[in-house]
Amino acid sequence: MSNRKINWYKYAAPANFYPLAGKMIPLFAVPSAILFILGMYVGFFVAPTDFQQGESYRILFIHVPAAWVGMFLYVMMAIYAGIGWAFNARLASMMAQAISTTGAIFTFISLVTGSLWGRPAWGVWWVWDARLTSTLILMFLYIGFISLQSSIDDVRRADRAGAVLALVGVINVPIIYFSVQWWNSLHQGATISKNSFKMAPSMATAMFLLLGACWLYSIAVVLARVRYIIREREQEAPWMAEAVA
Amino acid sequence: MFGWLVYRDLILAWRRRADVLATVFFFIIVTSLFPLGIGPERELLRSIAPGVVWVAALLASMLSLGRIFGNDYQDGTLEQLVLTPQPTYLVVLAKVLAHWIVSEIPLVVIAPVLGLQFGLSQNTLLTVMISLLLGTPVLSVIGSIGAALTLGLRAANVLVALLVLPLYIPVLIFGSGAVQATVTGTSPQAWLLLLAATLIVSLVFAPWATSAALKISVE
């Protein structure tokens, strides 16, 4: 047993988390940039040209990670919002608010890149199929969360109302997903599954490198964003004067 | 208490009949706009009718959501209702039931008439009614979450649309799917069962979320 125990609750206080987040940002931002450059290199120069889709399939190297991260961040946002609501933890609610913007941006990127990829692959910009439509709905859920939070002036009420909405949304996401799937499906089957890995290894490498880059990027950006939120909400606090000075 | 609350809301709605009628006329006008915008071809209208009727019902019931809690919030009654020893869950259920009777039942009744305008067969009209009967309570109860969250906010009406419409999508898909199935001559049973399942699940869980949202908005 080591004597040095880290008191995790200490960092639930914005006053302690603020400097910690400042120190942690480079730890995530730098590896993210490295992974991004590596992934781009593998994606553009190492991965072979697809025999069916030509060069345009390379859009998927950014599209797939963006879609994954966009979906996962919604769950993370709901978890943080729920913690903030249940335990009255200010910092968790701030994290939820910080995540919402990043998640919405990634969802938007995945929609735009998907559309750019769909034009050469399917011949159309947009297809009303299950996955596209449910990503679009996910985007609507993010927009609902962000606009609800920003239209409530009282911060505590905004956090709690956002938490209710995020949790209701998270319960609804699977229902929406399956309903949309039964409604229509033209999409190609899932390429990445446990049993069949129907990708060239170098393609998978590029995709996972960029997935890591997107992950680390979102952690870094969320930390930076949460620092701004802390500064905005705690500007009256005495510790803020010391931290900024 | 439950019955009393429903009775009270019904009386209040009866004294403001014009509000209820406005929702119904909105429903009628929206469905009538589609043939004007698309053209009078009978086959085309018949194929879009399920979607049109359901989307119009969605919008009409969304418009009336503000009335579930709005007036009670303004005159302070809502605060007293939340403070009563009865669970807020029951208060929510009672108000949602009253809203359904006042704002949604007229839509269910009027929908077959609108279906006739689109040349739907009798069989299909029956499915329209059954699917609306199963689906509109879901709209009321899920909509109550949005209504409770946006109480007293600026631009609450627009915000309710942003919050609630994405959550309505499964109901829209199941409901119009049932009607579409009847139009194409297959059995709508699977869709109606899904709609019924959605109804049961949302009746159990949504009032809980609404009462949480009410407590946040009222405090």
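None of the figures in this text is laboratory data; all of them are computed from the coordinates on show. This structure is a prediction, so every number in the text was calculated from the model and none was measured. Every residue, glycine as well, gets a Cβ built from its backbone with ideal geometry; the counts of neighbours run over all protein chains shown.
Would you please state the base-10 log of I(q)/I(0) at q = 0.07, 0.10, 0.15 1/Å for the stretch B:2-218, with intensities from the Debye formula using one equal scatterer on every alpha carbon?
Values returned for q = 0.07, 0.10, 0.15 Å⁻¹ are -0.22, -0.44, -0.93.
Using only atoms on other chains, find how many Cβ atoms lie within 10 Å of each Cβ of peptide A:170-181 and report the average.
4
Net charge near residue B:3: determine it from the other residues with C-beta under 15 Å of the C-beta of residue B:3, scoring Lys and Arg +1 and Asp and Glu -1.
+1
Please get the size of the charge dipole for the stretch B:1-109, origin at its Cα centre, with Cβ charges of +1 on Lys and Arg and -1 on Asp and Glu, quoted in debye to the nearest 20.
The calculated dipole for the stretch B:1-109 is roughly 200 debye.
In whole Hz, with x marking every Gly and Pro, tabulate ³J(HN,Hα) for the stretch B:191-196 from phi via Karplus 6.51 cos²θ - 1.76 cosθ + 1.60, θ = phi - 60°.
5, 5, 5, 4, 5, 5
What does the structure give for A:232-238 when I average, per residue, the other chain Cβ atoms found within 10 Å of the residue Cβ? If you can, show how the numbers build up before the last one.
Working: counts 0, 0, 0, 0, 0, 0, 0.
Taking all residues of A:232-238 together, the mean is 0.
In nm, give the distance between the simple-model label positions of residue A:147 and residue B:79, each being 7 Å from the Cα along the Cα-to-Cβ direction.
Taking the simple label geometry, residue A:147 and residue B:79 are separated by 3.0 nm.
On average, how much area does the Cα convex hull of the stretch A:27-124 cover when viewed from any direction, in nm²?
Values: hull surface 30.3 nm².
Projected area, direction-averaged: 7.6 nm².
Using 7 Å Cα-to-Cβ label points, what is the residue B:46/residue B:105 separation (nm, one decimal)?
Result: 3.4 nm between the two label points.
Beyond 29 Å, what share of the Cα-Cα pairs of chain A is found? Please give it as a whole percent.
Result: 39 percent of Cα pairs exceed 29 Å.
For the stretch B:4-91, which GluC sites (Glu not before Pro) are both in a DSSP coil and crowded by at most 13 other Cβ atoms within 10 Å?
Within the stretch B:4-91, the qualifying GluC sites (Glu not before Pro) (loop, at most 13 other Cβ atoms within 10 Å) are B:41.
What ranking of B:88, B:31 emerges when the number of other C-beta atoms within 10 Å of each C-beta is taken as an exposure proxy, fewest first?
B:88, B:31
Within 10 Å, at most 16 other Cβ atoms, and a DSSP state outside H, G, I, E, B define an exposed site. Report the longest part of chain A free of exposed trypsin sites (Lys or Arg not before Pro).
No qualifying site falls inside A:6-193, the longest such stretch.
Can you give me the distance in nm between label points at residue A:33 and residue B:86, each placed 7 Å from the Cα along the Cα-to-Cβ direction?
Output for this residue pair reads 6.3 nm.
Determine the dipole magnitude for the protein assembly as shown: charges of +1 sit on the beta-carbon of Lys and Arg, -1 on that of Asp and Glu, nothing else is charged, the reference point is the Cα centre, and the result goes in debye to the nearest 20.
Value, rounded to 20: 680 debye.
If I stretch the segment between residue A:86 and residue A:10 completely, what's the gain in nm (0.36 nm per residue apart, minus their alpha carbon distance), one decimal? Before the final figure, lay out the partial values.
Details: separation 76, 0.36 × 76 = 27.36 nm, distance 1.84 nm.
Full extension from residue A:86 to residue A:10 adds 25.5 nm.
Just tell me the longest site-free run in chain B, where the sites are trypsin sites (Lys or Arg not before Pro) in a DSSP loop having at most 15 other beta-carbon atoms within 10 Å.
With trypsin sites (Lys or Arg not before Pro) excluded where exposed in loops, chain B gives B:17-153 as its longest stretch.
For the stretch B:190-219, which chymotrypsin sites (Phe, Trp or Tyr not before Pro) are both in a DSSP coil and crowded by at most 14 other Cβ atoms within 10 Å?
On the way: sites: B:191, B:205, B:208; in loops: none.
The qualifying sites: there are none.
What does the convex hull of the alpha-carbon atoms of the stretch B:124-190 project to on average, in nm²?
For the stretch B:124-190, the mean projected area of the Cα convex hull comes to 4.8 nm².
Treating the beta-carbon of each Lys and Arg as +1 and of each Asp and Glu as -1, no other charges, what is the dipole magnitude of chain B about its Cα centre, to the nearest 20 debye?
160
If you build the Cα gyration tensor of the stretch B:85-167 and take the root of 5 times each eigenvalue, what three semi-axes come out, in whole angstrom, biggest first?
Calculated on Cα positions only, the semi-axes equal 29, 16, 10 Å.
Can you find, among B:214, A:41, B:98, the residue farthest towards the positive end of the dipole of the protein assembly as shown? Put +1 on the C-beta of Lys and Arg, -1 on that of Asp and Glu.
Value computed over the given set: A:41.
Provide, as a two-decimal number, the C-alpha radius of gyration of the protein assembly as shown over 2.2 N^0.38 Å, N being how many residues it has.
1.11
I'd like the Karplus ³J(HN,Hα) series for the stretch A:70-76: coefficients 6.51, -1.76, 1.60, θ = phi - 60°, whole numbers in Hz, and an x wherever there's a Gly or Pro.
x, 5, 5, 5, 5, 5, 4
Normalising by the residue count of chain A, find the relative contact order in percent from Cα pairs under 8 Å and 6+ residues apart.
Relative CO of chain A lands at 36 percent.
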